[in-house]
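Engineer: First the structure, then my questions, so here it is.
Any read-out appearing in this document is the output of simple, stated calculations on the displayed coordinates, not a laboratory observation. Computed from a predicted model, the values in this text were never measured in an experiment. FYI the Cβ positions are ideal-geometry reconstructions off the backbone, even for glycines, and counts take in every protein chain you see.
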Ligand code: HEM
């Protein structure tokens, strides 16, 4: 634990929450773009526009926001008094966060397939995938705010 971080606790929290809002917005929206991308003809002008939107959303917003969420989350965890290292909520939260990072990685891989016109999945696959970050986000927020165990 780093005592010197205590005066910055509220700032770490504010920056953590700002970053996770940006990351989650992308995790919710990118699979929606994949749903619409499935509905257009590969290599058409519309498809090329979706490619640009998907690439910019992932590279310019989601990945930097994920890195900032992790960075400020780690700074928070290193601040004395924030984490009960024996409590179940903390490890359940971390499991949820790892799930979100895994979903981010899956989105990056699907984006590369759309980029090279190699997507083979139907739009219903992406509709269903859209629910995953919602459920994980609910788990993470309940763990950190309600702390049920
Ligand atoms: C490496 C990843 C992460 C780490 C190490 C981390 C760590 C932390 C820590 C130590 C706190 C302070 C707990 C407290 O004393 O209140 C916190 C707060 C919080 N975290 Fe994270 N977190 C991470 C990712 C996330 C993600 C992905 C989300 C959302 C999807 C999230 C949502 C929150 C929320 C809502 C709070 C409560 C802020 C408040 O008290 O107002 N965290 N996090």
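Engineer: Of the listed peptides 18-31, 91-104, what is their order by residue-averaged count of other C-beta atoms within 10 Å, with the highest listed first? Walk me through the intermediate numbers first.
Structural biologist: Working: 18-31: 18.9, 91-104: 16.4.
Highest mean packing first, the order is 18-31, 91-104.
Engineer: Which whole-number percentage describes the relative contact order of the chain, with Cα contacts under 8 Å and a sequence gap of 6 or more? Could the numbers behind the result be given before it?
Structural biologist: On the way: 135 pairs, mean separation 55.9, N = 149.
It comes to 38 percent, rounded to a whole number.
Engineer: So what is the calculated 222 nm ellipticity per residue for the chain, using -39500 (n - 2.57) for each DSSP H run with n of 4 or more, over all residues, to the nearest 500 deg cm²/dmol? The partial results should precede the final answer.
Structural biologist: Details: 6 runs with 107 residues, N = 149.
Helix-only estimate at 222 nm: -24500 deg cm²/dmol.
Engineer: Please report the spacing between the Cα centers of the stretch 104-149 and the stretch 27-81 in Å, no decimals.
Structural biologist: Centre-to-centre distance over Cα atoms comes out at 10 Å.
Engineer: With only alpha-carbon pairs counted, each pair once and no self-pairs, how large is the Kirkwood hydrodynamic radius of the stretch 22-145 in angstroms? Can you show the working numbers first?
Structural biologist: Details: mean 1/r = 0.0639 Å⁻¹.
When all Cα pairs of the stretch 22-145 are included, the Kirkwood radius is 15.6 Å.
Engineer: Sorted by mean Cβ packing within 10 Å, highest first, what order do the peptides 8-14, 127-133, 63-69 take? Write down the numbers at each step before the final one.
Structural biologist: Working: 8-14: 13.7, 127-133: 15.4, 63-69: 17.7.
Per-residue Cβ counts within 10 Å, averaged per peptide and sorted highest first, yield 63-69, 127-133, 8-14.
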